[in-house]
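The values are calculated or read from the model by the stated rules, or taken from the named source; none is laboratory data. Note that the structure is a prediction, hence the values are computed from the model and not measured. Using ideal geometry, Cβ is built from the backbone for each residue, glycine included, and neighbour counts are taken over all protein chains shown. Quick note on the areas: whole protein, heavy atoms, side chains included, nothing else; ligands and nucleic acids left out. Shrake-Rupley method; radii C 1.70, N 1.55, O 1.52, S 1.80 Å.
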Amino acid sequence: MLIIGSDGAFEALPPAMQMLKQGGSALDAVEAAIRIVESQRENHSVGIGGWPNLLGEVELDASIMDGRTRAVGAVGALRGYPHPISVARRVMERLPHVFVVGQGASDFAAEMGFAREEGPTDVAAREWIERIQANVPPEKLPALLQRREMAPWVSLARDPQRVAGTIDVIAIDGQGNIASGVSTSGWAWKYPGRLGDSPIIGAGNYCDNRYGAAACTGFGELAIRGATAHTVVLLMRMGMPLLEACQQALVDLPRPPGAEDESFMNIVAVDRQGNHCGVTNVAAWNKYFYMTPEMDEAMVGHRVFVEERNG
Ligand code: ASP
């Protein structure tokens, strides 16, 4: 049994490990751990406390994958519901689809009886107002708020202080089944409707009992272009050891001309033997958390820094 999570998972792993020890499934543990982080209003990159989009609306993305069957569920740009990971799981279990976004995701959450909670929090709303006032001239505000002219301001989303809080969790249960989940509010001040890698299976999240699992945080557009989580698992399938597969997936990230600066990416991953690792291409983002059954609290894992970059 094992549970690992990205930076931010420290408090979420012990209760989830307890579930695994009591015979709970990897899927249950992943969902439970991520719900804890989604409930932390002071976390501004996940759940209802998340930074809003350009219009001040909180739009949440999440995905969950069952490595036993490769069943998946995902939601994107979900508004009004604080636990996208649970809605994603319900998509997996109740619909013949794998991915539901926008109004459809909110409608489905309502239909499934999830409790509503409207963001942003006061703190996040204040920060949004300050950011908009500081950058958008007053005469341009009506066109922004009426959704007529949003693209000129999307450069605000490239705010290095407002990224990198997405939560990844991967668990292996007592049956040897692996599950992975990712949840995020995405980039602060993003273009409304923007989806990152977190809800996109193969980009920010991938899991297969036969080989292992991987999940990403960082610049989602990059992991989408690189199909990064799936690349890690595919490389393991081809016989590459876990750490090498993660390093290679980072080196391989495609950075088209003009996007060279938007290249930060982190991966956490496990193989089917229960080895785990983290890698990053940002030296400061050097930790993840892991927990095995004999531990009382989550331990820090040190991410391996990958300097080399393609493109
Ligand atoms: N990967 C997330 C996204 O692009 C952001 C993050 O990891 O903080 O939406």
Seminar exercise, completed: With ARG70 itself left out, Lys, Arg at +1 and Asp, Glu at -1 over residues whose Cβ is under 10 Å from its Cβ give 0
Exercise. Could you give the angle, 0 to 90 degrees to the nearest 10, between helix 228-237's Cα long axis and the longest principal axis of the Cα atoms of the chain?
Worked result: 10
Seminar exercise, completed: Dipole check, the chain, charges on Cβ (K,R +1; D,E -1), about Cα centroid: among THR69, PRO137, PHE305 the Cα furthest to the positive pole belongs to THR69
Problem set entry | Estimated dipole of the chain in Debye, rounded to 20 [Cβ of Lys and Arg +1, of Asp and Glu -1, Cα centre] | 540
Exercise. How much accessible surface area, in Å² rounded to 10, belongs to the heavy atoms of TRP153 with a 1.4 Å probe?
Worked result: 40
Problem set entry | Relative contact order computed over the range 188-311 (Cα-Cα under 8 Å; 6+ residues apart), in percent | 21
Exercise. What is the helix-to-structure angle for 242-251, meaning the angle in degrees between its Cα long axis and the longest Cα principal axis of the chain, kept from 0 to 90 and rounded to the nearest 10?
Worked result: 30
Problem set entry | Proximal charge balance of LYS287 [Cβ under 15 Å; K/R count +1, D/E count -1] | -3
For this session: State the antiparallel share, in %, of DSSP beta bridges confined to the range 164-215, rounding to the nearest 5.
Result: 90
Exercise. Does the range 1-79 classify as rounded, prolate or oblate by the C-alpha gyration tensor (a ≥ b ≥ c root eigenvalues; a/c under 1.5 gives rounded; else a/b over b/c gives prolate, otherwise oblate)?
Worked result: oblate
Exercise. To the nearest 10 square angstrom, how much accessible area does LYS140 have with a 1.4 angstrom probe?
Worked result: 80
For this session: State the Cα centre-to-centre distance between the range 144-223 and the range 97-125 in whole Å.
Result: 16
Problem set entry | Net charge dipole size for the range 220-305 [Lys, Arg +1 and Asp, Glu -1 on Cβ; Debye, nearest 20] | 220
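Classify the range 175-252: rounded, prolate or oblate, from the alpha-carbon gyration tensor (a ≥ b ≥ c, eigenvalue square roots; a/c under 1.5 rounded; otherwise prolate if a/b is larger than b/c)? Intermediate values should be presented prior to the final figure.
Numbers: a/c = 2.92, a/b = 1.66, b/c = 1.76.
Oblate shape, in that a/c is at least 1.5 and b/c is the bigger or equal ratio.
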For this session: Taking a cut-off of 25 Å between Cα atoms, list the lysines near LYS190, but don't count ones fewer than 8 places away on the same chain.
Result: LYS140
For this session: Quick one: among SER106, SER25, SER155, which has the greatest mean-square fluctuation in a GNM of the chain with alpha-carbon springs under 10 angstrom?
Result: SER155
Exercise. Tally Lys and Arg at +1 and Asp and Glu at -1 over the other residues with C-beta under 14 Å from the C-beta of THR231: what net charge comes out?
Worked result: -2
Exercise. Out of ALA143, ALA227, ALA33, any idea which swings most in a Gaussian network model of the chain, alpha carbons joined below 10 Å?
Worked result: ALA143
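Return a whole-number percent for the relative contact order of the chain, with Cα pairs under 8 Å and 6 or more residues apart as the contact set. Each step should come with its number before you reach the end.
Details: 831 pairs, mean separation 68.1, N = 311.
Averaging sequence separation for qualifying contacts and normalising by length gives 22 percent for the chain.
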Problem set entry | Crossing angle, helix 122-135 versus the chain [Cα axis fit, 0-90 degrees, rounded to tens] | 50
Exercise. Most mobile of ALA62, ALA269, ALA157 per a Gaussian network model of the chain (Cα springs, under 10 Å)?
Worked result: ALA157
Seminar exercise, completed: Residues meeting the amide H criterion for ALA71 (H placed from the backbone, H to H distance under 5 Å, 5 or more places apart or on another chain) are ASP66
Problem set entry | Partner aspartates and glutamates for LYS21 [C-alpha distance under 18 Å; skip if fewer than 8 residues away on the same chain] | GLU11, GLU31, ASP173, GLU294, ASP296, GLU297
